[in-house]
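Have a look at the structure below, then the notes.
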Amino acid sequence: MRNVTETVKQLIIINILFFVGTLALGDVTYKFLALYFPENPSFQYWQPLTHMFMHGGLMHIFFNMFALYSFGSALEQMWGSKKFLFFYISCGLGAALLHTGVNYYYFQDSLNTLIANGFPKQEILLLLNEGKIDTRWQEILSVSDFQNFTSAYIGTAVGASGAIYGIIVAFAFMFPNAELALMFIPVPIKAKFFVPGLVLVDLYLGISGKSIFGGGGIAHFAHVGGALFGFIIMWYWKKNQFNQNRWN
């Protein structure tokens, strides 16, 4: 197995420390460090960064850290620590940006619908801030719109998945013919085919509102956001032929 590189190792340690901290301190950590909707009073300016070190469960952090180890170490060996860390954080922030943007679109669309049907905006926001809903909203909004509307405002985003998707995209750029073997697919697939397929699945799940593991589909846009920003950065670096020494 490939030796873990220094920055990847430090990122894994930080994520584990955050995870252990959430187990010890409970929901209070999510209140301050998870990513809230910008109009929610619980939103803080540091959350777009801190949310990527938070995870919702053991399997969540395990798969993210395993992917970070599997793909990140090869990239850090080629790029160096500064360039790799810049890329990782940028993809995580890009994931938060697209996730928040999609949430804002869904929220505003349903909010405008409710306002047009006679519900005062301040009354709507007051109920949401108290963690409550008006059951009459469900008579006006569709099931998916109602779910997206409430989860966008009340829900939180956690996890390094957006940054990880950026790392996976970069890996496919650098090693397009590397064969990736998955537990549920017996035939190895080349990275240049596997990664676009993975992103397209997330895009479909996000648009359709579905989720393989349950819950809503909006979270998949964070994956797409990380992959998109990873692609843009890799395309820019390739186009401008960034010199490795720039980052040393």
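The values are calculated or read from the model by the stated rules, or taken from the named source; none is laboratory data. Here the structure is a predicted model, which means the values were calculated and not measured. Virtual Cβ from ideal backbone geometry, glycine too; neighbours counted across all protein chains shown. Accessible surface is based on the protein model in full, side chains and every heavy atom, while ligands, DNA and RNA are left aside. Shrake-Rupley method; radii C 1.70, N 1.55, O 1.52, S 1.80 Å.
Would you mind stating whether Val4 is under 22 Å from Phe86 (Cβ atoms), in contact (Cβ under 8 Å) with a residue 12 or more places away in the chain and either open to solvent by 70 Å² or more (accessible area, probe 1.4 Å) or in a loop (DSSP other than H, G, I, E, B) (or both)?
Yes; evaluated as a whole, the condition is true for this residue.
Mind listing whichever residues of the stretch 164-196 are at pLDDT 80 or above and part of a loop (DSSP other than H, G, I, E, B)?
Correct list: Phe175, Pro176, Asn177, Ala178.
Scan the helices (runs of 4 or more DSSP H) fully inside the stretch 68-152 and keep the ones with 3 or more residues being of a type in the set (Phe, Trp, Tyr), under 23 Å from the mean Cα position of the chain (by Cα) and buried (at least 19 other Cβ atoms within 10 Å of the Cβ).
Those helices (runs of 4 or more DSSP H) span 81-116.
Scan (1) open to solvent by 20 Å² or more (accessible area, probe 1.4 Å); (2) closer than 21 Å to Cys91 by Cα; (3) at pLDDT below 95 for the single condition Ile13 breaks and write down its number.
For Ile13, the failing item is (3).
Could you look through the stretch 48-59, keep only residues that are in contact with a helix residue (DSSP H, G or I) (Cβ under 8 Å, 6 or more places away or on another chain) and in contact (Cβ under 8 Å) with a residue 40 or more places away in the chain, and pick out the one that is surrounded by the fewest Cβ atoms within 10 Å (Cβ to Cβ)?
Leu49
Among the residues of the stretch 24-46, count how many are farther than 24 Å from Tyr88 by Cβ and loosely packed, with under 14 Cβ neighbours inside 10 Å. Break it down stepwise before answering.
Keep residues of the stretch 24-46 that are farther than 24 Å from Tyr88 by Cβ, which gives 24-28, 31, 37, 39-42.
If we keep only those that are loosely packed, with under 14 Cβ neighbours inside 10 Å too, we end up with 24-28, 31, 41.
Result for the stretch 24-46: 7.
State whether the residues of the stretch 22-36 include one that is more than 16 Å from Tyr153 (Cα to Cα), touching a helix residue (DSSP H, G or I) at 6+ places or on another chain (Cβ under 6 Å) and not in a helix (DSSP H, G or I).
Within the stretch 22-36 (the criterion being more than 16 Å from Tyr153 (Cα to Cα), touching a helix residue (DSSP H, G or I) at 6+ places or on another chain (Cβ under 6 Å) and not in a helix (DSSP H, G or I)), the answer is no, since none of the residues qualifies.
Based on this model, can you work out whether Val169 counts as under 24 Å from the mean Cα position of the chain (by Cα), open to solvent by less than 20 Å² (accessible area, probe 1.4 Å) and within 30 Å of Gln77 (Cβ to Cβ)?
yes
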